[in-house]
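Chemist: Pasting in a structure now, in structure tokens, and then I'll have a few things to ask.
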Amino acid sequence: MTKQRPRVVDLSETEPNRRRGGDLRAMLTPTAVGATSGFMGVALVAPGDRIGEHYHPYSEEFVYVVCGELEVDLDGEPCPLRPEQGLMIPAHMRHRFRNVGDVEARLVFHLGPLAPRPELGHVDTEETDAAAATAAAAAGDVRSADRSQALS
């Protein structure tokens, strides 16, 4: 039996993910540390920013607010979240996080169990400005490639 060695992961080692709003950092993942039961990360949400509504069909999500004032919409119902508060969001429940304070909010999240494949673990139910900008840029790249092919 191979014994896995514990690995410390620093926030600065993780790539920012801004596609859904906020700055999501998946830190302790199957890829990064060999996790088998779930994964943990940190969300950094600027004042006035949000993480777009989504749900997890296979996982419960556990969140703990480190700092800042958030409001989480749970199946459309707003719920305030303050520092040093935790929340468990059941699988399939739509949720969106909004920073309603005037300082950056930080929350630690853990999802488990893992979905059968990573792309099945998260379902977006609304488009954020960041997602729209990414889609527009990708569409622009496709149009540019189409124009280049037409000119050659």
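The values are calculated or read from the model by the stated rules, or taken from the named source; none is laboratory data. Keep in mind that this is a model prediction, so the values were computed, not measured. Virtual Cβ from ideal backbone geometry, glycine too; neighbours counted across all protein chains shown. Remember, those area values only see protein heavy atoms, side chains included, never the ligands or the DNA or RNA. Shrake-Rupley method; radii C 1.70, N 1.55, O 1.52, S 1.80 Å.
Chemist: Are there any pairs with C-beta distances below 8 angstrom linking a residue in the range 1-22 that is at positive phi and open to solvent by less than 50 Å² (accessible area, probe 1.4 Å) to a residue that is in a loop (DSSP other than H, G, I, E, B) and among the small types (Gly, Ala, Ser), with the two at least 6 apart or on different chains, and if so which?
Modeler: Gly22/Ala46
Chemist: Still on this model: Given Ala105, Ala35, Ala43, Ala26, which one is of a type outside the set (Ser, Thr, Tyr) and surrounded by fewer than 18 Cβ atoms within 10 Å (Cβ to Cβ)?
Modeler: Details: Ala105 fails: surrounded by fewer than 18 Cβ atoms within 10 Å (Cβ to Cβ); Ala43 fails: surrounded by fewer than 18 Cβ atoms within 10 Å (Cβ to Cβ); Ala26 fails: surrounded by fewer than 18 Cβ atoms within 10 Å (Cβ to Cβ).
After ruling out the rest, the residue left standing is Ala35.
Chemist: Filter the range 45-89 down to the residues that are part of a strand (DSSP E or B), of a type in the set (D, E, K, R) and in contact with a Leu (Cβ under 8 Å, 6 or more places away or on another chain), then identify the one that is nearest to Arg25 (Cα to Cα).
Modeler: So in the range 45-89, the residues part of a strand (DSSP E or B) come out as 45, 50-55, 60-67, 70-74, 77-81, 86-89.
Filter once more, so that each one left must be of a type in the set (D, E, K, R): 50, 53, 60-61, 71, 73, 77.
With in contact with a Leu (Cβ under 8 Å, 6 or more places away or on another chain) added as a condition, the list becomes 60-61, 71.
Values: Glu60: 18, Glu61: 15, Glu71: 20 Å.
Only one residue tops the list, namely Glu61.
Chemist: All but one of (1) open to solvent by less than 60 Å² (accessible area, probe 1.4 Å); (2) in contact with a Phe, Trp or Tyr (Cβ under 7 Å, 6 or more places away or on another chain) hold for Arg50, so report the exception by its number.
Modeler: (1)
Chemist: So is Gly101 not charged (D, E, K, R) and not in a strand (DSSP E or B) or not? Step through it out loud before you land on a result.
Modeler: Working: not charged (D, E, K, R): yes; not in a strand (DSSP E or B): yes.
It is true that Gly101 is not charged (D, E, K, R) and not in a strand (DSSP E or B).
Chemist: Does the range 73-86 contain at least one residue that is crowded, with 16+ Cβ neighbours inside 10 Å, within 14 Å of the chain's Cα centre (by Cα) and under 23 Å from Thr125 (Cα atoms)?
Modeler: First, pick out the residues of the range 73-86 that are crowded, with 16+ Cβ neighbours inside 10 Å: 81.
Cutting the leftovers down to within 14 Å of the chain's Cα centre (by Cα) gives us none.
Looking through the range 73-86, none of the residues is crowded, with 16+ Cβ neighbours inside 10 Å, within 14 Å of the chain's Cα centre (by Cα) and under 23 Å from Thr125 (Cα atoms).
Chemist: Looking at the range 1-15, which of its residues are among the hydroxyl-bearing types (Ser, Thr, Tyr), assigned to a loop (DSSP other than H, G, I, E, B) and at pLDDT 85 or above? Can you show your working first?
Modeler: We begin by selecting, within the range 1-15, every residue among the hydroxyl-bearing types (Ser, Thr, Tyr); these are 2, 12, 14.
Those left that are additionally assigned to a loop (DSSP other than H, G, I, E, B): 2, 14.
Correct list: Thr14 only.
Chemist: Restrict the check to the range 57-71 and report whether at least one residue is without any contact (Cβ under 8 Å) to a residue 24 or more places away in the chain, open to solvent by less than 70 Å² (accessible area, probe 1.4 Å) and over 21 Å from Glu127 (Cα atoms).
Modeler: Residues of the range 57-71 without any contact (Cβ under 8 Å) to a residue 24 or more places away in the chain: none.
For the range 57-71, residues without any contact (Cβ under 8 Å) to a residue 24 or more places away in the chain, open to solvent by less than 70 Å² (accessible area, probe 1.4 Å) and over 21 Å from Glu127 (Cα atoms): absent.
Chemist: Residues in the range 119-130: is at least one closer than 20 Å to His54 by Cβ, at pLDDT below 95, surrounded by 10 or more Cβ atoms within 10 Å (Cβ to Cβ) and aliphatic (A, V, I, L, M)?
Modeler: Checked the range 119-130: at least one residue is closer than 20 Å to His54 by Cβ, at pLDDT below 95, surrounded by 10 or more Cβ atoms within 10 Å (Cβ to Cβ) and aliphatic (A, V, I, L, M).
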